[in-house]
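Notes follow once the structure below has been shown.
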Amino acid sequence: MIPEIGHFSLILALLVALILGSVPIIGAARGNAVWMELARPAARAQFFLIATAFICLAYTFASKDYSVGYVASNSNSKLPLQFRIAAVWGGHEGSLLLWAMILSIWTVAVSVFSKHLPDDMRARILGVMGLISVGFLLFMLVVSNPFERLIPAALDGRDLNPLLQDPGMIFHPPMLYMGYVGFSVAFAFAIAALLGGQLDSAWARWSRPWTTMAWVFLTLGIMGGSNWAYYELGWGGWWFWDAVENASFMPWLVGTALIHSLAVTEKRGSFKAWTVLLAIGAFSLSLLGTFLVRSGVLTSVHAFATDPRRGLFILVFLVVVIGGSLALFAWRAPTVGRGGKFSVISRESFLLANNVLLAVAAMSVLLGTLYPLFLDALGLGKISVGPPYFDTVFVPLMTPALFLMGIGPIARWKNATLPELAMRLRWAFAVSVATALVLPLLLGHWTPMIGLGLFLAFWIFASSVHLVRQRLAGDRATLLARMKSVPRAWWGMVIAHIGIAVFTLGVTVVKGFESEIAVRMLPGDVAHLAGYDFKFEGVQDSIGANYTASRGQLRVSKNGVERTVLSPEKRLYTVQNMPMTEAGISPALIHDLYASLGEPLEDGAWSVRIYHKPMVEWIWAGAVLMALGGLLAISDRRYRVRRKNLTEEKAVTKKSVVKKAVVKKPAAKKTVTKKVSAKV
Amino acid sequence: MKLNLLVRFMIGFFLLQSVLASAEEARPLQANVVVEAQVQRLSEELRCLVCQNQTIADSHAELAQDLKQEIREMAAKGMTDQAIIDYLVARYGDFVRYRPPMKSSTYLLWLGPFVLLIFGAIGLVMMLRRREKMPADKPISQTEARKVRELLDKE
Amino acid sequence: MKRFLLPLIIFLVMVGFLAVGLHLDPREVPSPLVGKPAPAFDLPLLDQPEKTFSPKQMLGQVWLLNVWASWCVACREEHPLLVALSKAKLVPLYGMDYKDTRAEAQQWLNEGGNPYEANAMDIDGRVGIDYGVYGVPETYVIDKSGMIVYKQIGPITEQVLSNKIMPLVERLQAQ
């Protein structure tokens, strides 16, 4: 019964989405207020219906109903409850439902937090999101129905893949989808602007918080996936340039470029066409990622069970959505206007250079990911493109971008001069060069890559310190007062940039200084690595909810003092008879000690791999800082529209977009004037 | 008395030996460290043909273990990295290399990002030059300035 | 106007490739040995360990080398077809038992029938690596000069047999 209710809800949701995707958009074109107003209730109805379907599927999993085929393929009676719920998105059909539900969440959020938007723009935005929803709902109902019954019903399920039976499964996909799908808001804003012909600073200001929020989710989602792979896969790797990892990284790169581009469009009215293209691009890459994972076109650890019919459906969907939006772009972009003038050396030009670098990086990742397919399609043989390629190509592209990160925030808008910038940054430059040369020598090992990584990380640290000191210099009473006078968005930028530096430092140190040993250990044997002693205490058998395990014990000491105990496990998940390793990790900011159990050997010994990974946690700490910076930026005062302004705006007519932007200035006026005085 | 002491001493001595003997140094899994370093380095660049999403260094598949053993033997014989890779490519094709070879069909792959960057840089410079030639922002007239002030002061 | 069309054009080109990609199998690894001499080996036979089999013995004949194992599930799919093929006596079929034990291999053949003229035992899988074997079953069509002309990855189906392998074998035998 419940699955049927879920199925029916999806059908109703499709009907609502069809209405949402057509009526308000036509209404906006015709100026029909009633039709436009339909958008908000339709968005809410759609959310309610899709959420119902999702809850029905979750209930079906929780109640162990194996008469539904999808549940039988992805669950099992012995599977603990939290993983039964996470299994909802463990397979293709359910993950689509998650996609659709998250899209409906963003849609209803936009419908709630959009009172300050002109009615026609809101109608178009919600309409575009509704059209995307139509695509996903149709896809599910036609070729990927999660509620399809299995006749005769299975006695028990085939279990969720043991690799996915982990807290990471509860966090990583929803967070990632919130990011991917969140870029649909920026996309919808861009399409609405192209359709309506109004693309100005106000448009940029309205879409910024939505874009940044999606970016924050995507950052956390990718970080979560990387960390999960690190502790789960047992060999200490955290990024593999796998096709699906790339599919999430490309929208992130373009999304980062988009955030920076929106900043310029809002402040200076420049880069409009470029910003719109980036907004279309970020979401297009999200959709492309969806295609790559489900079509069978590329091999990947993440690939769902593939079916060419499904691949064809998504491909057609891609052509309609992306092709349509790019065609609209080609048609309307020439009319959006150019924006303010700025000189060759200015903050605008640095930001533009940054965008070019990020876009080229994203395109390079796309090239590498799809190249094997290109060659195969042309009959030119089969190759593999893996980490050696991406590492070689990505570092030279990102190096100038990281270098610019130190200069951009210090350069003035509109016009800056190189000598002045060089003067201001000479101390930061000196510090970073010195650190890059000296630190590795102190740690015992120098290579050009280590030097480069350290230089870039400390360059960003040092220039950020300089930037903060310059900004906080002033004549106000206390440091705290001066800090409060600087808008949160600015702090957000600084913290996010420092996050990148922290990340870069972590990557550089771990890659440059990590070490490992592979040893055979009998109980009582001691291994040595990086100054630590690892004493093997043997292996004990234990039983978990749906697995049996051999749990090893390694006592770690340094100079005779015991520091920690590592407990790597080798598990056998009984339903699928699948072996898995759980690494034993002792994390700390300074380094991780990581052990994984190999195979039992003939004489009762075990093969054990022990890793020393210095500063590896900085990789994810950096990502968290980036996300924090983004959140700070969103919580900036100017996005919190005060009640007074709202009533003022309602009195103003629909078409006076420009006037609205001006009326809004009083809220921002204080910060604007403060900025000017602080900069002097 | 003396015999008792001697016996006790000997028992203690042997016990001590066994305790000391059990705290042994863990031996490396593979004896030859230099060869193993080469094996590891190569394994990280080669694709497991069974799992296809892992290097043969990380894969638990039997074929991966067999290939690693072959590589080990070749490395022990003193074969260079390139020779070992050529050996495997002769049997499995370029698919087995995660670092794509540089040949006519992969020029676009290896040079593509660089070319894109150059295009991007040229496009950037051209766009910036064009901006500089744009007319400067027109200053607003007195009446317009008054209007702006009025609107700003409304709140 | 023209430069704004560029993203759309690039996108459509990419879609073209993706559409072609839907019909391809990214997991299949074609063999670089096609068109090259079959690698030499000298392996003991399954039923007579004192005797050996080598591709040299087959020079002057067109023959099939089928790599299989008793632990291989997919091999069961093609086995009846191989048995039928051997009964038709159109082309000699030799087997290479890959990473298997004699006892289990013998039992498997007893159960399913033995279509092979002879079976070479590749117990440690070394010869398999020489032949670029990565997943059994795999079958090689070798011509009179000892050159590998075609490699079938995965089980042989009726369609592959009648459309690809047999026409090729007939053409090679006529040379």
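Bear in mind that the values in this text are calculations on the coordinates, not laboratory data. Here the structure is a predicted model, which means the values were calculated and not measured. Cβ: placed from backbone, ideal geometry, glycine included. Neighbour counts: every protein chain shown.
Some observations on this one:
- Spin-label zone in region C:92-128 - amide nitrogen under 13 Å from a point set 7 Å from the Cα of C:W71 along the C-beta vector: C:98-102, C:104-105, C:123-125
- Gyration tensor verdict on the protein assembly as shown (Cα atoms; rounded if a/c is under 1.5, prolate if a/b is larger than b/c, oblate otherwise): prolate
- Look at A:T335, C:T52 and count the other Cβ atoms within 10 Å of each Cβ; fewest to most, that gives A:T335, C:T52.
- Estimated FRET transfer efficiency when R0 is 30 angstrom, pair A:N161-C:L24 (beta carbons, to 0.05): 0.75
- For the residues of B:26-34, the average number of beta carbons from a partner chain within 10 Å of their own beta carbon is 5.
- Relative contact order [Cα under 8 Å, 6+ residues apart], chain A, whole percent: 11 percent
- For region A:519-604, applying the loop criterion from DSSP together with a ceiling of 14 other beta carbons within 10 Å to the GluC sites (Glu not before Pro) yields A:E602.
- Dipole of chain A [Lys/Arg +1, Asp/Glu -1 at C-beta], most positive-end residue of A:G197, A:H591, A:M140: A:G197
- Here the dipole of region C:34-174 is about 460 debye; that uses its Cα centre as origin and unit charges on the Cβ of Lys and Arg (positive) and Asp and Glu (negative).
- For chain A, the dipole from Cβ point charges (+1 on Lys and Arg, -1 on Asp and Glu) about the Cα centre works out to 4540 debye, to the nearest 20.
- Inter-site label distance for B:M10 and A:A422 at 7 Å from Cα along Cβ, in nm: 8.7 nm
- Listed residues A:L150, A:N161, A:A188: farthest to the positive end of the dipole of chain A (Cβ charges): A:A188
- Net charge of the neighbourhood of A:I543, taken over other residues with C-beta under 15 Å away and scored Lys/Arg +1, Asp/Glu -1, is +1.
- FRET E, pair A:L141, B:V50, Förster distance 30 Å, beta-carbon r, rounded to 0.05: 0.25
- Cross-link reach is defined here as a Cα-Cα straight distance under 14 Å, omitting same-chain residues fewer than 8 places apart; for A:K484 the aspartates and glutamates meeting it are A:D475, A:D636.
- Whole-Å semi-axes of chain C's equivalent ellipsoid (Cα gyration tensor): 38, 18, 16
- Interchain or long-range residues, amide H under 5 Å from C:V67's placed H: C:M96, C:E138, C:T139, C:Y140
- Burial ordering of A:H528, A:H116, A:H172, fewest other beta-carbon atoms within 10 Å first: A:H528, A:H116, A:H172
- Region A:171-410 shape via C-alpha gyration tensor axes, a/c threshold 1.5: prolate
- Each of the peptides B:52-58, A:284-290 was scored by the mean count of other Cβ atoms within 10 Å over its residues; in descending order, highest first, they stand as A:284-290, B:52-58.
- Listed residues C:S145, C:S70, C:S162, most fluctuating in chain C (Gaussian network, C-alpha, under 10 Å): C:S162
- Helix-only arithmetic for chain A: the sum of -39500 (n - 2.57) across DSSP H runs with n ≥ 4, divided by the residue total, places the mean residue ellipticity at 222 nm at -22000 deg cm²/dmol.
- Distance (nanometres) between label positions extended 7 Å along Cα→Cβ at C:V34 and A:T478: 7.8 nm
- Residue by residue, region A:132-148 carries 3J(HN,Hα) couplings of 4, 4, 4, x, 5, 5, 4, 4, 5, 5, 8, 10, 9, 7, x, 9, 5 Hz when phi is fed to the Karplus relation 6.51 cos²θ - 1.76 cosθ + 1.60 (θ = phi - 60°); x denotes Gly or Pro.
- Within region A:366-382: backbone nitrogen closer than 14 Å to the B:S104 label point (7 Å, Cα to C-beta): A:380-381
- Listed residues A:V68, A:A39, A:W106: farthest to the positive end of the dipole of the protein assembly as shown (Cβ charges): A:A39
- Computed from the C-beta positions of A:R30 and A:K267 and an R0 of 41 Å, the FRET efficiency is 0.75 to the nearest 0.05.
- Checking the Cα-Cα distances for A:K382/A:K570; C:K36/C:K164; A:K511/A:K558; C:K51/C:K89 against a 29 Å cut-off, the pairs over it are A:K382/A:K570.
- Put in line by how crowded their Cβ is, counting other Cβ atoms within 10 Å and starting with the fewest, A:V320, A:V509, A:V344, A:V34 read A:V34, A:V320, A:V344, A:V509.
- A:M578 paired with A:E599, simple spin-label distance in nm, labels 7 Å along Cα-to-beta-carbon: 2.1 nm
- Seen from A:H172, the other residues with C-beta closer than 15 Å to its C-beta sum to a net charge of -4, counting Lys and Arg as +1 and Asp and Glu as -1.
- Under 17 Å from the C:R171 label point (7 Å along Cα→beta-carbon), backbone N, region C:1-41: C:34-36
- Radius 14 Å from Cβ of A:G225, net charge of other residues (Lys, Arg +1; Asp, Glu -1): -4
- In a simple Cβ point-charge model (Lys, Arg +1; Asp, Glu -1; nothing else charged), region A:515-615 has a dipole of about 240 debye relative to its Cα centre.
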